[in-house]
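Novice: Here's a structure for you.
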Amino acid sequence: MIKKDAVFFGKMDKPTAQARIQGPCGDSMEFFLKIVRNKVRQVRCFTSGCGASKACAVETARMAQGKSLAGALLISPGKVIRTLKNVPEDHLHCAILSVSTLHRAIALYLMSGKKKIKVRG
Ligand code: FES
């Protein structure tokens, strides 16, 4: 993990939204978001998983930081894999787990009735 990205790794007190998913590999992934006026102002991710899952989680968090909720929902595992370039073929599911956890946190936030957003496209 590059030092500047370490800021995204960890937990958060009083997040606006959060989610945890346990992947089929048995590892868990958590995302914590501070959402202000429909934007992801702060992101933290945490996983007990492998190096690839940490790299994917941090890249997913880095991509989501500062985005609108709609923009964060457009982040895909493919985008994370293409950006990292070195995710091993047998660890592509780590990118799916990280993006799914981010999206679940946003979905739980939106379904809590706190906010409505428009998604274009
Ligand atoms: Fe379980 Fe990477 S998340 S192997």
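Novice: Report the residue count in segment 75-89 for those that are surrounded by 15 or more Cβ atoms within 10 Å (Cβ to Cβ) and in a loop (DSSP other than H, G, I, E, B).
Specialist: Result for segment 75-89: 3.
Novice: Looking at (1) within 15 Å of the ligand (Cβ to nearest atom); (2) more than 23 Å from residue 112 (Cβ to Cβ); (3) aromatic (Phe, Trp, Tyr), which one does residue 8 not meet, given that it meets all the others?
Specialist: Exception for residue 8: condition (1).
Residue-by-condition table, conditions (1) acidic (Asp, Glu); (2) away from the ligand (no atom under 16 Å from the Cβ); (3) assigned to a helix (DSSP H, G or I):
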{"residue": "21", "(1), (2), (3)": "no, no, no"}
{"residue": "26", "(1), (2), (3)": "no, no, no"}
{"residue": "30", "(1), (2), (3)": "yes, no, no"}
{"residue": "55", "(1), (2), (3)": "no, no, yes"}
{"residue": "59", "(1), (2), (3)": "yes, no, yes"}
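Novice: So, in segment 32-53, of the ones that are among the polar types (S, T, N, Q) and either away from the ligand (no atom under 16 Å from the Cβ) or assigned to a helix (DSSP H, G or I) (or both), which residue ends up surrounded by the fewest Cβ atoms within 10 Å (Cβ to Cβ)? Explain how you work it out, then say what you get.
Specialist: Applying the first criterion (among the polar types (S, T, N, Q)) to segment 32-53 yields 38, 42, 47-48, 53.
Going one step further and asking which of them are either away from the ligand (no atom under 16 Å from the Cβ) or assigned to a helix (DSSP H, G or I) (or both), we end up with 38, 42, 53.
Numbers: 38: 14, 42: 18, 53: 24.
Result: 38.
Novice: What is the one condition in (1) closer than 22 Å to residue 113 by Cβ; (2) part of a loop (DSSP other than H, G, I, E, B); (3) within 16 Å of the ligand (Cβ to nearest atom) that residue 14 does not satisfy?
Specialist: (3)
Novice: Among the numbered conditions (1) small (Gly, Ala, Ser); (2) more than 16 Å from the ligand (Cβ to nearest atom); (3) closer than 23 Å to residue 11 by Cβ, tell me where residue 71 comes up short.
Specialist: Looking at each condition in turn, residue 71 falls short on (3).
No value in this document is a laboratory result; all are computed from the given coordinates. Note that the structure is a prediction, hence the values are computed from the model and not measured. Reconstructed Cβ throughout: ideal geometry from the backbone, glycine too, with neighbour counts over all protein chains shown.
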